[in-house]
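Taking it in order: structure first as structure tokens, then the write-up.
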Amino acid sequence: MGVFTGTHTNKVDKKGRVSVPKTFRALFEREVFQGVYVFPSFRQPALEACPESFMERIVDSLEDLPMFSDEQDDLSIIIESAERLAFDPEGRVVISDGFRDAAGIGTEIAFVGRGRTFQLWAPKAYASARKPAFERAKTRGLTLKLRRPSDRNTDGAEG
């Protein structure tokens, strides 16, 4: 799997269809399911989006938690609330009214690359959230310890 990068804004039509950016769709070529999984973000007024291979990692991680634990029950909301959206021949998906309403999305969606996943935002909400996040990172002097290429499993999963 490649990396979702950049921010791309596309229009939503009256039926709730939106074209997924071509650079994002290209990363789904090796996926069995030609579409995207979408679920509400826990932290942002946005939707989280990922390919099936990443959703499988979430499911595997949930199974690592103690069965019937509060943590497993609470985090299973990711799976319960996820929608599986297939690409149509034009590379569009249909975002449900409920999901668009939950994220405050109107006639446009900002697709925001987050590496192995991406987010869907109302463009104005994203612009408002991006600036303080950038300032927090800068003010706190956040840095990132880069992994060596050998720190990756052969399937591309982190580990």
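Can you pick out the pairs among K124/K145; K11/K138; K14/K124; K22/K138 whose Cα atoms lie more than 26 Å from each other? Please report the intermediate quantities before stating the final value.
Details: K124/K145 31 Å; K11/K138 32 Å; K14/K124 20 Å; K22/K138 31 Å.
In this structure, K124/K145; K11/K138; K22/K138 lie more than 26 Å apart at Cα.
Between the DSSP loop rule and a limit of at most 11 other Cβ atoms within 10 Å, which GluC sites (Glu not before Pro) in segment 85-144 are left? Intermediate results must be reported in sequence, preceding the final value.
Working: sites: E90, E108, E135; in loops: E90.
Here the sparse-neighbourhood loop sites are E90.
At 222 nm, what helix-only mean residue ellipticity would the chain give, in deg cm²/dmol to the nearest 500, using -39500 (n - 2.57) for each DSSP H run of four or more?
Numbers: 6 runs with 52 residues, N = 159.
Calculated at 222 nm, the ellipticity per residue is -9000 deg cm²/dmol.
I need the peptides 65-72, 12-19 ranked by packing, meaning the mean over residues of other C-beta atoms within 10 angstrom, with the highest value on top.
12-19, 65-72
L75 to D101: FRET efficiency via 1/(1 + (r/R0)^6), r the Cβ-Cβ distance, R0 25 Å, to the nearest 0.05?
Working: r = 23 Å, r/R0 = 0.94.
Result of the calculation: an efficiency of 0.60.
From the C-alpha gyration tensor of segment 7-151, pull out the three semi-axes of the equivalent ellipsoid (sqrt of 5λ each), sorted largest to smallest, in whole Å.
Working: eigenvalues 115, 95, 62 Å².
The three semi-axes for segment 7-151 are 24, 22, 18 Å.
I'd like to know which of L65, L47, A122 lies farthest towards the positive end of the charge dipole of the chain, counting +1 on Cβ of Lys and Arg and -1 on Cβ of Asp and Glu.
Farthest towards the positive pole: A122.
Coordinate-derived values only; no laboratory data. Since the structure is predicted, the reported quantities are computational estimates derived from the model, not experimental observations. Using ideal geometry, Cβ is built from the backbone for each residue, glycine included, and neighbour counts are taken over all protein chains shown.
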